[in-house]
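The values are calculated or read from the model by the stated rules, or taken from the named source; none is laboratory data. Values in this document were obtained by computation on a predicted structure and should not be read as measured data. Neighbour counts run over all protein chains shown; Cβ positions are idealised from the backbone, glycine included. Accessible surface is based on the protein model in full, side chains and every heavy atom, while ligands, DNA and RNA are left aside. Shrake-Rupley method; radii C 1.70, N 1.55, O 1.52, S 1.80 Å.
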Amino acid sequence: MSPAPVIAARSLVKTYGMGDAVVHALAGVDLTVHQGDYVAIMGSSGSGKSTLMNILGCLDVPTTGRYLLDGIDVGGLDERQLSLVRNRKIGFIFQSFNLVPRTSAVAQVELPLAYAGVKAAERRRRAMAALTMVGLAERADHKPNELSGGQQQRVAVARALVTAPAMLLADEPTGNLDSHSTKEVLGIVDRLNATGRTVVLITHEDEVAHHAKRVIRLVDGVIVSDVRQAPVDGPPPAMAAAAESFGQVAAEAETLTQEAIR
Ligand SMILES: Nc1ncnc2c1ncn2[C@@H]1O[C@H](COP(=O)(O)OP(=O)(O)O)[C@@H](O)[C@H]1O
Ligand SMILES: [Mg+2]
């Protein structure tokens, strides 16, 4: 039997307001994403990207429709179960990094593991592996205000991947970055996908979407196109070794997640 898709969304509708003022932010979205895919969701402002991201990220629920995340029907879950699913299944990357002020990089990356109940020594080991993966092992003790924007987003990427989630979900991850940092962060995301991570990335920039294997376009809350494209060149070979050692940690984390969620 093939594994369940990471995302199986059917007829998602999200409406805001009522009567004459009703807005159909999503007007019937069907989406299936399998493990290992790299999807860019594109659309102009107001097309429903953030609404879709919030639903896929279990931060919001659809007005109607059904959503299975990694085989789990999230429609039937209460708040506590939803936050558990978010913690175990999804690694979030936001435009504004969302790091905790005055907290070292390694402590930020350990946070989701603390919520997941991983013991201190193990947290440190995994967090360092994730920081190594994004090329920031030597900045582990730096606080956000001691890091560049690109470095802060790399810390956020390490935090997103440290639990070995079923998918990385990124909303305009390079929206606040200069072109050099954008390349760096996208190179890391490319590498993570190349080593098996499922990536769903929301963007309005063609240059960012160019990195994905599949581009989905939203207009007025509906998918108007869904196209596969050739991947860009692979990431720098220097990251290969770090990725390999992280693969081991990720496999262990996956096992723990499966046990915890059962
Ligand atoms: N909380 C809300 N209340 C009312 N309307 C909303 C709310 N959130 C989004 N919308 C509307 O839903 C539509 C889609 O918004 P959004 O998902 O934020 O689009 P995007 O992220 O693509 O810019 C827009 O018309 C927006 O004004
Ligand atoms: Mg948005």
**OP:** Of all residues in the range 194-211, count the ones that are out of contact with any Pro (no Cβ under 7 Å at 6 or more places or on another chain) and within 16 Å of ligand 2 (Cβ to nearest atom).
**Re:** 7
Original post:
Can you name every residue in the range 24-50 that is within 16 Å of ligand 2 (Cβ to nearest atom), polar (S, T, N, Q) and open to solvent by 20 Å² or more (accessible area, probe 1.4 Å)?
Top reply: 44, 45, 50
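What strands (runs of 3 or more DSSP E), lying completely within the range 178-231, carry at least 1 residues that are within 16 Å of ligand 1 (Cβ to nearest atom) and open to solvent by 70 Å² or more (accessible area, probe 1.4 Å)?
On the way: elements: 198-203, 214-219, 222-228.
The qualifying strands (runs of 3 or more DSSP E) are 214-219, 222-228.
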Original post:
Is it the case that residue 11 is within 16 Å of ligand 2 (Cβ to nearest atom), of a type in the set (S, T, N, Q) and open to solvent by 10 Å² or more (accessible area, probe 1.4 Å)?
Top reply: no
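Here is a check on your reading of the model: is residue 16 out of contact with any Gly (no Cβ under 9 Å at 6 or more places or on another chain) and within 16 Å of ligand 2 (Cβ to nearest atom)?
Working: out of contact with any Gly (no Cβ under 9 Å at 6 or more places or on another chain): yes; within 16 Å of ligand 2 (Cβ to nearest atom): yes.
So residue 16 passes the test.
Do you know which of the residues in the range 50-101 that are among the β-branched types (Val, Ile, Thr) and within 16 Å of ligand 1 (Cβ to nearest atom) is nearest to the chain's Cα centre (by Cα)?
Kept after step one, since they are among the β-branched types (Val, Ile, Thr), are these residues of the range 50-101: 51, 55, 61, 63-64, 72, 74, 85, 90, 93, 100.
Right, trim to within 16 Å of ligand 1 (Cβ to nearest atom) and you get 51, 55, 61, 63-64, 93.
Details: 51: 15, 55: 13, 61: 18, 63: 23, 64: 24, 93: 6 Å.
By that ranking, first place goes to 93.
Looking for whichever is within 16 Å of ligand 2 (Cβ to nearest atom), modelled with pLDDT of 95 or more and not hydrophobic (A, V, I, L, M, F, W, C) here; the options are 150, 221. Which one fits?
On the way: 150 fails: within 16 Å of ligand 2 (Cβ to nearest atom).
Result: 221 is the single residue among 150, 221 that is within 16 Å of ligand 2 (Cβ to nearest atom), modelled with pLDDT of 95 or more and not hydrophobic (A, V, I, L, M, F, W, C).
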Original post:
Would the range 39-48 turn up any residue that is touching a helix residue (DSSP H, G or I) at 6+ places or on another chain (Cβ under 7 Å) and away from ligand 1 (no atom under 16 Å from the Cβ)?
Top reply: no
Original post:
Out of (1) open to solvent by less than 30 Å² (accessible area, probe 1.4 Å); (2) on the phi > 0 side of the Ramachandran plot, what's the single condition that is false for residue 144?
Top reply: (2)
Original post:
Does residue 115 qualify as being touching a strand residue (DSSP E or B) at 6+ places or on another chain (Cβ under 7 Å) and surrounded by fewer than 22 Cβ atoms within 10 Å (Cβ to Cβ)?
Top reply: no
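For residue 129, are the conditions met, namely being modelled with pLDDT of 95 or more and over 19 Å from residue 199 (Cα atoms)? Don't jump to the end; show me each part of the working.
On the way: modelled with pLDDT of 95 or more: yes; over 19 Å from residue 199 (Cα atoms): yes.
Here the answer is yes, as residue 129 does meet what is asked.
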**OP:** With the checklist (1) within 13 Å of the chain's Cα centre (by Cα); (2) within 16 Å of ligand 1 (Cβ to nearest atom); (3) not acidic (Asp, Glu) in hand, flag the one item residue 18 doesn't pass.
**Re:** (1)
